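The values are calculated or read from the model by the stated rules, or taken from the named source; none is laboratory data. Model, not experiment: these values are computed from the prediction. Don't worry about glycine lacking a Cβ; one is built from the backbone with ideal geometry, like all the others, and counts go over all protein chains shown. The protein model used for the area step is the full one, side chains on, heavy atoms only, and it has no ligands, DNA or RNA in it. Shrake-Rupley method; radii C 1.70, N 1.55, O 1.52, S 1.80 Å.
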Amino acid sequence: MTVPSGAEEETPSSAPAAAASGRIGRVLRYVAGRLLTAGLSLVAVVVAGFFLFRILPGDPVRAMTEGREVTAEQRAELRRQFGLDQPLGQQFLDYALGLLRLDLGTSFQYREPVTELILERIGPTILLAGTGTLIAALLGLFLGVRAGWRPGGPADRINTTVALFFWSVPTFWLGLLLIVLFASGRDPLPGLFPTGGMTTPGVTGTVNVVLDTAWHMVLPVSTMVAVIYAQYLMIMRSSLMDERGADYLTTARAKGLRDALVRRRHAVPNALLPTVTLIFLNLGQVVSGVILVETVFSWPGLGQLFYSGLRVPDLGLVQGLFVVFAASVIVMNLIADLVYPLIDPRVRP
């Protein structure tokens, strides 16, 4: 048989190859779209953050020199050193060019690069936020499974009521309440835990420092867990309730599997998908939301550093921290968008 002129003979392997090529193209377009969205979001955050903090009341130079005999010429020199004498547009251009070099600027009050200050304080914040998020996720998932598997029962009503109560309580109020009850040493309860800080002065030795740090973490971690675990509980409960009537669970029961096995092996893995996404999203938000907890408990992390910068106002410091907090949220959103298709084939590009 003669092949018509200009026509290409299709080999058996050409169709799978074309399908694979098309899938790779869709994946690349999906990833590129998410990266572009994340990049544009970060640019918008940088622009909004720069001009937002410029409208804060107060003069940074006046706040730094408060209580000192400083002449007008010396104040003008300080403004020149920090670039505050430049037009607003020039200040933003210098700031944006510095960000491209990963230079977050200089702190007015500490007279140190903001990047170095962040690196010094990021460890305690990751320790506090990571521990709180891990415990909250495990507690919320455990209670959410129990509540969602038998909705409307006593356990469901008690768990959801308690979780929603703590979710609605202001973080700073709950932290202060825990300090009064368990750290102040007032009758009838003794002071069981420290009122603040990360370690006790004078404690030496690796084991002693670790135990002392864990002792100081009890109240701030408890505050974080109480406020955020309800999110995981409610999402897991809702997801599991949606799965309870699925056909594959009916089939599993028809095979003779016990109810506990049906829940653990079949229902829970599928109900976990939305919760996994929520965990990634909260990892970014918890880092920025830890500000109140660190301030209340004098925890030496980024949250307390941000609070001290707002009081001056230290424009270089709060701008740099604002970018770091916003970037953490954007990056975690990006990771959630990229990971979710890997664990749920139904949403793959």
message = Here are the criteria: (1) under 28 Å from residue 145 (Cβ atoms); (2) in a helix (DSSP H, G or I). Tell me which single one residue 210 does not satisfy.
response = (1)
ask   = Taking the stretch 312-333 as the search range and keeping residues that are open to solvent by 30 Å² or more (accessible area, probe 1.4 Å) and free of Cβ contacts under 8 Å to residues at least 60 places away in the same chain, which one is farthest from residue 115 (Cα to Cα)?
value = 332
query = Do any residues in the stretch 231-256 that are over 16 Å from residue 160 (Cβ atoms) and touching a residue at least 60 places away in the same chain (Cβ under 8 Å) have Cβ atoms under 8 Å from those of residues that are in a helix (DSSP H, G or I) and among the aromatic types (Phe, Trp, Tyr), where the two are at least six apart or on different chains, and which pairs are they?
reply = 244/149
ask   = Looking at (1) part of a helix (DSSP H, G or I); (2) open to solvent by 20 Å² or more (accessible area, probe 1.4 Å), can you tell me which one residue 221 breaks?
value = (2)
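Residue by residue, here is whether (1) modelled with pLDDT under 75; (2) within 18 Å of residue 130 (Cα to Cα) holds:
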| position | (1), (2) |
| --- | --- |
| 232 | no, yes |
| 275 | yes, yes |
| 289 | yes, yes |
| 302 | no, yes |
| 307 | no, no |
| 314 | no, no |
| 317 | no, no |
| 330 | no, yes |
note = For the stretch 105-134, pairs from a residue that is farther than 14 Å from residue 286 by Cα and part of a helix (DSSP H, G or I) to a residue that is open to solvent by 50 Å² or more (accessible area, probe 1.4 Å) and of a type in the set (Ser, Thr, Tyr), with Cβ under 8 Å and 6 or more apart or across chains, are 114/106; 117/110
task = Just one of (1) in contact (Cβ under 8 Å) with a residue 24 or more places away in the chain; (2) open to solvent by 40 Å² or more (accessible area, probe 1.4 Å) trips up residue 79, so point out which.
result = (1)
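Considering each of 191, 196, 175 in turn, give the residue that is closer than 23 Å to residue 304 by Cβ, exposed (fewer than 14 other Cβ atoms within 10 Å of the Cβ) and not aromatic (Phe, Trp, Tyr).
191
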task = Please list, ordered by first then second residue, the pairs with beta carbon atoms under 6 Å, 6 or more apart or interchain, first in the stretch 150-164 and in a helix (DSSP H, G or I), second open to solvent by 50 Å² or more (accessible area, probe 1.4 Å).
result = 155/146
query = Tally time: how many residues in the stretch 122-159 are at pLDDT 85 or above, surrounded by fewer than 19 Cβ atoms within 10 Å (Cβ to Cβ) and either touching a helix residue (DSSP H, G or I) at 6+ places or on another chain (Cβ under 8 Å) or not aromatic (Phe, Trp, Tyr) (or both)?
reply = 12
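Have a look at 163, 183 and point out the one that is surrounded by 15 or more Cβ atoms within 10 Å (Cβ to Cβ), in contact with a Phe, Trp or Tyr (Cβ under 9 Å, 6 or more places away or on another chain), under 24 Å from residue 293 (Cβ atoms) and at pLDDT below 85.
183
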key: Unique residue being closer than 30 Å to residue 298 by Cα and modelled with pLDDT under 75 when the list is 279, 228   = 279
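Listed here are the residues, each with its yes/no results for (1) aliphatic (A, V, I, L, M); (2) in contact with a Gly (Cβ under 6 Å, 6 or more places away or on another chain); (3) part of a helix (DSSP H, G or I).
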residue: 245; (1), (2), (3): no, no, no
residue: 248; (1), (2), (3): no, no, yes
residue: 251; (1), (2), (3): no, no, yes
residue: 257; (1), (2), (3): yes, no, no
residue: 263; (1), (2), (3): no, no, yes
residue: 266; (1), (2), (3): no, no, yes
residue: 273; (1), (2), (3): yes, no, yes
residue: 277; (1), (2), (3): no, no, yes
residue: 292; (1), (2), (3): yes, no, yes
query = Of the residues 213, 195, 223, which single one is more than 19 Å from the chain's Cα centre (by Cα) and closer than 20 Å to residue 123 by Cα?
reply = 213
inquiry  = Looking at the structure I just gave you, is residue 199 over 15 Å from residue 183 (Cβ atoms), in contact (Cβ under 8 Å) with a residue 12 or more places away in the chain and not in a helix (DSSP H, G or I)?
reply    = yes
